[in-house]
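This report concerns only the one structure given below.
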Amino acid sequence: MALDKEDVVKIAHLARLQVADSEIDATTERLSSILGMIEQLQAAPTDGIEPMAHPTDAVQRLREDVVTESNHRDQYQSIAPATEDGLYLVPQVIE
Amino acid sequence: MHSQTLKALSDALAAGDVSSQELTQHFLDRIKQHDPAVNSFITVTEEQALAQAKAADQRRAAGNAAPLTGVPIAHKDIFCTQGIKTSCASKMLDNFIAPYNATVVEKMADAGMVTLGKTNMDEFAMGSSNETSYYGPVKNPWQTEHVPGGSSGGSAAAVAARLTPAATGTDTGGSIRQPASLCGITGLKPTYGRVSRWGMIAFASSLDQGGPMTQTAEDAALLMNAMAGFDPKDSTSTDIEVPDYTASLTQPLDGLRIGLPRQFFEQGLDADVGKVVQEAIAQYEKLGATLVDIELPNTHLSIPAYYVVAPAEASSNLSRFDGVRFGYRCKDPADLEDLYKRSRGEGFGEEVKRRIMIGTYALSAGYYDAYYLKAQKVRRLIKNDFDEAFNNVDVIMGPTAPNAGFKLGEKAADPVSMYLSDIYTISVNMAGLPGISIPAGMSNGLPVGLQIIGNYFDESRLLNVAHRYQQETGWHAQLPAAFA
């Protein structure tokens, strides 16, 4: 299926990706070509076929509800772009 | 020394013919001398490597060496390495120093292996030519104007150029096997769940699987002995026993039933590649195998199904890269949305953005059933085809890739034509089966690989079948003249 420019702008917003205005046309064309290839799926008869999420159809293992991790906050925050007093900093959200 | 297999180096270390420090220095020197021509490394960890080598020599002197102790290896830059840059070949992670080791890295280190560095790859493992790397493309050591394949192109090129005896790779749609084929080395994608994914930066979690890239099947078996196994930290890792993969390498192949899927030998397959694969299969007949024609009728649907499932999972997995906790952050964000959008827009490359958008679209309201659910149903059809085939055969053989290495830039402008280079490998990931690519011949001076696909957790048989061929033929021992 072919996308139009508005579709691409909306998808980019949903994915929180900045796409420059100058790239919208080329992006629209390439995404449409990929979706055109994907369209072949629609012809496949899949009535009564169970969707497959995992190759060996395994389910999640359960474990005891106990603490397994120690505190790594300082170590993990040492590679963050901006922190203060153990918190991650982002631009102000609430006035 | 560098042309030796990992097995031979392991034996030389055990016999005291060479020390790990000598061996490590030799490969570090080779990387310095030859890597500028192939660009297979993103980071070389010289200091750490020499320290690990010293520790390995001490461990051996103390009498508690394992078979791999002191042998150098390189890790694909998708595996987290504590204290060492782990970039996934993306600007997004150019400043990311991993705070912990991936389980695979930890297991290799526990075995006493020496990490030479981190290898180049397609950005976030999305690509089949290694051209999407933020650090520039890897060149095929056989002909440097050709691609090495991808996404584990750095690992494949480094082993082919003998800059490391072995490397790790990951395979989501062919990313171990296709570059192994294009660079003339041996690459094994294990069964989904056989090797821990913990600390391996996720692309498509239901498809990703790490594995060894080596000169020979015997070397891959040695690495698998240390790499495979249950990991409680990976919720999709499978808790079944790990066999000694070296134990059955030399089993005779009398009576082996080889399935030849008609769909792997039809249009789209390069004539030279087809001829090389047929000759390899003839060799197997000489070794006592019988050939069985089989059908994998949904092969043509594996690429469209993959390009829904993998991007959908990627769009979810890559949402963690938001410019807040680690990785790239844009300059002077106006507000939080601007921070997200510009950090991601500037930090990700074109192909990664394309796949995130395809995945976002496929999962968006109103399209889920038509795309994601449909693709998951087709995925089961693909798996059912293999289950049916394995009722009558022991392994399946065919080409790994439809062509030998294409030229740099040749397919860069057309994503769909690039995607088709994984036509024979993707269905194996969709089913979760193990597959191996081994060198089987040449086409115009470039290597061609034979792919062998096995049943679930039948890696021992794959390695046995590959090893027997390598005992009779010399393709795996060839190396490009410029790197001799």
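Which residue, B:ALA305, B:SER90, B:THR24, has the largest displacement toward the positive end of the dipole of chain B when charges sit on each Cβ (Lys, Arg +1; Asp, Glu -1)?
Checking the options against the dipole of chain B, the answer is B:SER90.
Enumerate by residue number the trypsin sites (Lys or Arg not before Pro) in region B:304-374 meeting two conditions: DSSP loop (anything except H, G, I, E, B), and at most 11 other Cβ atoms within 10 Å of the site's Cβ.
On the way: sites: B:ARG320, B:ARG325, B:ARG329, B:LYS331, B:LYS341, B:ARG342, B:ARG344, B:LYS353, B:ARG354, B:ARG355, B:LYS374; in loops: B:ARG325, B:ARG329, B:LYS331.
When the trypsin sites (Lys or Arg not before Pro) of region B:304-374 are filtered for loop state and at most 11 Cβ neighbours within 10 Å, B:LYS331 remain.
For region A:43-95, just say rounded, prolate or oblate: build the C-alpha gyration tensor, square-root its eigenvalues into a ≥ b ≥ c, call rounded for a/c under 1.5, and beyond that prolate if a/b exceeds b/c, oblate if not.
On the way: a/c = 3.82, a/b = 1.87, b/c = 2.04.
Oblate.
Where does each of B:383-395, A:41-53, B:18-30, B:213-225 land if you order them by average Cβ count within 10 Å, highest first?
Numbers: B:383-395: 17.3, A:41-53: 13.0, B:18-30: 19.5, B:213-225: 27.2.
Those peptides, ordered most packed to least, come out B:213-225, B:18-30, B:383-395, A:41-53.
Treating the beta-carbon of each Lys and Arg as +1 and of each Asp and Glu as -1, no other charges, what is the dipole magnitude of chain A about its Cα centre, to the nearest 20 debye?
Numbers: 7 positive and 18 negative charges, 40 e Å.
Dipole about the Cα centre, nearest 20: 200 debye.
To the nearest 100 Å², how much accessible surface do chains A and B hide from each other in total, with a 1.4 Å probe? Intermediate results must be reported in sequence, preceding the final value.
On the way: alone 9540 and 17460 Å², together 21730 Å².
Using a 1.4 Å probe on protein heavy atoms, the buried area is about 5300 Å².
Excluding residues on the same chain fewer than 8 positions from B:LYS286, give the lysines whose Cα lies under 28 Å from its Cα.
List returned: B:LYS7, B:LYS189, B:LYS275.
Along the charge dipole of chain A, pointing to its positive end and built from +1/-1 on Cβ of Lys, Arg, Asp and Glu, which listed residue (A:THR46, A:ILE24, A:THR68) has its Cα farthest out?
A:THR68
Might you report the magnitude of the Cβ-based charge dipole of the protein assembly as shown about its Cα centre, with Lys and Arg at +1 and Asp and Glu at -1, to the nearest 20 debye?
Details: 48 positive and 71 negative charges, 135 e Å.
Here the size comes out at about 640 debye.
What order, most packed first, do the peptides B:155-161, B:95-101, A:69-75 have when packing is the mean number of other Cβ atoms within 10 Å of each residue? Mind showing how you got there, number by number?
Working: B:155-161: 33.9, B:95-101: 18.0, A:69-75: 8.1.
Ranking the peptides B:155-161, B:95-101, A:69-75 by packing returns B:155-161, B:95-101, A:69-75.
Could you order the peptides B:429-436, B:109-116, A:76-83 from most to least packed, using the average number of other C-beta atoms within 10 Å per residue? Let's see the in-between values first.
Values: B:429-436: 27.4, B:109-116: 23.2, A:76-83: 15.2.
With the highest mean Cβ count within 10 Å placed first, the list reads B:429-436, B:109-116, A:76-83.
Quick one: if you stick a label point 7 Å off each Cα along the C-beta vector at A:HIS13 and B:ASN64, how many nm between them?
So the label points at A:HIS13 and B:ASN64 sit 6.2 nm apart.
Per residue of A:20-31, count partner chain C-beta atoms within 10 Å of its C-beta, then hand back the mean as an integer.
What the average comes to for A:20-31 is 2.
Can you give the charge dipole size of region B:300-369 about its Cα centre, rounded to the nearest 20 debye, using +1 on the beta carbon of Lys and Arg and -1 on the beta carbon of Asp and Glu? Before the final figure, lay out the partial values.
Values: 10 positive and 10 negative charges, 38 e Å.
My answer is approximately 180 debye.
Residues of B:357-367, mean number of Cβ from any other protein chain within 10 Å of their own Cβ, rounded to a whole number? Display every interim value, and only then the final one.
On the way: counts 13, 7, 2, 8, 12, 2, 1, 4, 1, 0, 1.
If you average over the peptide's residues, the count of other-chain Cβ atoms is 5.
Once you order the gyration tensor axes a ≥ b ≥ c over the Cα atoms, which shape class does chain A get: rounded for a/c under 1.5, otherwise prolate or oblate by comparing a/b with b/c? Please report the intermediate quantities before stating the final value.
Details: a/c = 3.57, a/b = 1.26, b/c = 2.84.
Note, shape of chain A comes out oblate.
May I ask you to evaluate 6.51 cos²θ - 1.76 cosθ + 1.60, the Karplus curve with θ = phi - 60°, for each residue of region A:13-24 and list the ³J(HN,Hα) values in order in whole Hz, giving x for glycine and proline?
Along region A:13-24, the couplings run 5, 4, 8, 6, 10, 7, 10, 4, 3, 5, 9, 4 Hz.
So which lysines can B:LYS32 reach, going by Cα to Cα under 17 Å and dropping same-chain residues fewer than 8 places off?
B:LYS118, B:LYS139
Please compute the contact order of region B:300-369 in relative form: average sequence separation of alpha-carbon pairs under 8 Å and at least six residues apart, divided by the residue count, as a percent.
It comes to 42 percent, rounded to a whole number.
Classify the protein assembly as shown: rounded, prolate or oblate, from the alpha-carbon gyration tensor (a ≥ b ≥ c, eigenvalue square roots; a/c under 1.5 rounded; otherwise prolate if a/b is larger than b/c)? Intermediate results must be reported in sequence, preceding the final value.
Values: a/c = 1.56, a/b = 1.14, b/c = 1.37.
In terms of gyration-tensor shape, oblate.
Just to confirm my numbers, what's the Cα centroid distance between region B:247-296 and region A:33-95 in Å?
The two parts, judged by their Cα centres, are 40 Å apart.
Give me the percent relative contact order of chain B, please, defined on Cα pairs under 8 angstrom at least 6 residues apart.
Numbers: 1168 pairs, mean separation 88.0, N = 484.
Rounded, it is 18 percent for chain B.
May I ask for the distance between the Cα centers of region B:149-199 and region B:324-347, given as a whole number of Å?
For region B:149-199 versus region B:324-347, the Cα centre distance is 32 Å.
When Cβ neighbours within 10 Å are restricted to other protein chains, what is their mean count per residue of peptide B:312-323? Each step should come with its number before you reach the end.
Values: counts 0, 0, 0, 4, 0, 0, 2, 2, 0, 0, 2, 5.
Shielding by partners across B:312-323 averages 1.
So for the pair B:GLN478, B:THR144, with labels modelled 7 Å out along Cα→Cβ, what separation do we get in nm?
With each label placed 7 Å out from Cα toward Cβ, I get 2.1 nm.
With a 1.4 Å probe and all protein chains left in place, how much accessible area per residue does the protein assembly as shown have, in Å²?
On the way: 21730 Å² over 579 residues.
Accessible surface, normalised per residue, equals 38 Å².
What is the Cα centroid distance between region B:206-245 and region B:97-146, reported in whole angstrom?
Region B:206-245 and region B:97-146 have Cα centres spaced 18 Å from each other.
Please work out how many pairs of lysine residues in region B:336-484 are eight or more positions apart (or on different chains) and have Cα atoms closer than 24 angstrom. Each step should come with its number before you reach the end.
Numbers: B:LYS341/B:LYS353; B:LYS353/B:LYS374; B:LYS353/B:LYS407; B:LYS353/B:LYS411; B:LYS374/B:LYS383.
Going through region B:336-484 pair by pair, I get 5.
The values are calculated or read from the model by the stated rules, or taken from the named source; none is laboratory data. Quick caveat, the model's predicted, so the values are computed rather than measured. All Cβ positions, even for glycine, are placed from backbone atoms using ideal geometry, and neighbour counts span all protein chains on display. What goes into the accessible areas is simple: the full protein's heavy atoms, side chains included, and nothing from ligands, DNA or RNA. Shrake-Rupley method; radii C 1.70, N 1.55, O 1.52, S 1.80 Å.
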